[in-house]
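One structure is given below, encoded as structure tokens.
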Amino acid sequence: MKITGVELRRISMPLVAPFRTSFGTERARDVLLVRVVTPDAEGWAECVAMEEPLYSPEYVDGAADVMRRFMVPALAALHHVDAYGVGRTLEPFKGHRMAKAALETAVLDAQLRASGEPFARFLGASRDAVPCGVSVGIMDSIPQLLDAVGGYLAEGYVRIKLKIEPGWDVEPVRAVRERFGDIPLQVDANAAYTLTDAAHLSRLDAFDLLLIEQPLGDDDLVQHAELARRLRTPLCLDESIHSAAHAAAAISLKACSIVNIKPGRVGGYLEARRIHDLCRAHGVAVWCGGMLETGIGRAANVALAALPGFTLPGDTSASRRYYARDVTAPFELRDGHLAVPTGPGIGVDPDPAVLAEVTTSVEWLPA
Ligand code: SMG
Ligand code: MG
């Protein structure tokens, strides 16, 4: 496959409700969609970089810039490109994994559409539907939180994740446990604590949580290992795992016993699959994280979540949990599950009319 050109399209997607985490409140996503055009097929992908560098160092304008300035020219110069070649070609450029992931995914989508193979089959999926959890933001009050959780449970979500931060941790968890009993429940701190909070965090042990996700800083692997020794609740890493090498280090250090896999964070679905394989071989459970994706990103995540090592429900919620109108046909929850797309490539297409309405800019980068 030779690349004809790459389209960078920005769309503005208002969320159905604000989503508050320890690092800020999302009200709308400014999404960068990538379309790779080849003579055989076109491929789509969604870049998960957020508007501001608060979850990770990447941000959406930076991702567009590094693609435009360095990555797309490097790929466009190749006489032949496939998904494996994207990673090799972009390796000299340090970091920028969300940008790399989007380009690799769009090339993989084009390649699989050309050969008629679904993403899930290419990755090695073993299921045709995946159980879904939902991530519940920090709220202004406990009654508001209980209403939100109650609503999601009524919709059928099989696991609840509560966002926590200092001042919003033990009490909301206790309230949810008291109201809803023995539901599968976990928490995510987005790096809001330090090791000096270990005694406080150990109060969460009383609530039989599935896991505590990323309590400490991104580069605090050693401290996470120490914290894991002091907690009964299993420790899961998100922001700290940028690659299979990081996952290997975390496992060796016993810094976590569970890994949240987000393809964008680790540079793409090929690296995500390597992390899955590594964790599975070590008996470390994995689950698929979320970055408030539209249907484009969600389709590929649901395919990944169907791999055999994804033994915990993911943050792969239905379209309506995020957007009143998705850019693809909406993903809908059935019995707590989302169906894995079966069509070639990511198996979904953006609706051109919706896309036209939400687009804020389009840039064509010819090869
Ligand atoms: O996609 O449902 C989703 C969001 C899941 O909580 C979620 N993501 O740290 O895991 C995480 C956060 C990162 C994005 S917050 C804007
Ligand atoms: Mg997280």
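The numbers here are math on the coordinates, done by the rules we state, and not lab data. None of these values were measured; they are calculated from a predicted model. As a convention, Cβ positions derive from the backbone with ideal geometry for all residues, glycine included, and neighbour counts pool all protein chains shown.
Things to note:
- The chain: relative contact order as a whole-number percent, Cα under 8 Å and 6+ apart: 23 percent
- The label-point distance for L253 and D197, in a model that sets each label 7 Å from Cα toward Cβ, rounds to 1.8 nm.
- In the elastic network of the chain, a GNM with C-alpha springs shorter than 10 Å, the most mobile of A110, A120, A83 is A83.
- Cα-based shape type of segment 121-339, given that a ≥ b ≥ c are square roots of the gyration tensor eigenvalues and the cut on a/c is 1.5: oblate
- Modelled FRET efficiency - R0 41 Å, E171 with K94, Cβ distances, 0.05 increments: 0.45
- In sequence order, calculated HN-Hα J values of segment 174-181 (Karplus, 6.51, -1.76, 1.60; Hz; x Gly/Pro): 4, 4, 5, 4, 5, 6, 10, x
- Footprinting exposure proxy for D277, D238 (fewest neighbouring C-beta atoms within 10 Å first): D277, D238
- Under the convention that each Lys and Arg Cβ holds +1 and each Asp and Glu Cβ holds -1, the size of the dipole of the chain around its Cα centre is about 580 debye.
- Amide H contacts under 5 Å for A28, placed H, 5+ residues apart: L15
- Beta bridges by DSSP in segment 121-339, antiparallel share as percent, to the nearest 5: 20 percent
- Antiparallel content of DSSP bridges confined to the chain, in %, to 5: 60 percent
- Here the Karplus relation 6.51 cos²θ - 1.76 cosθ + 1.60, evaluated at θ = phi - 60°, turns the backbone of segment 288-294 into coupling constants of 8, x, x, 10, 6, 5, 7 Hz, with x for every Gly and Pro.
- In terms of its alpha-carbon gyration tensor, the chain comes out prolate; a/c meets the 1.5 threshold, and the first ratio a/b outweighs b/c.
- Annotation: for a label point projected 7 angstrom from Cα along Cα→Cβ of V16, residues of segment 308-334 with backbone N closer than 20 Å are 314-334.
- Computed from label points 7 Å out along Cα-Cβ, the spacing between F180 and E7 is 3.9 nm.
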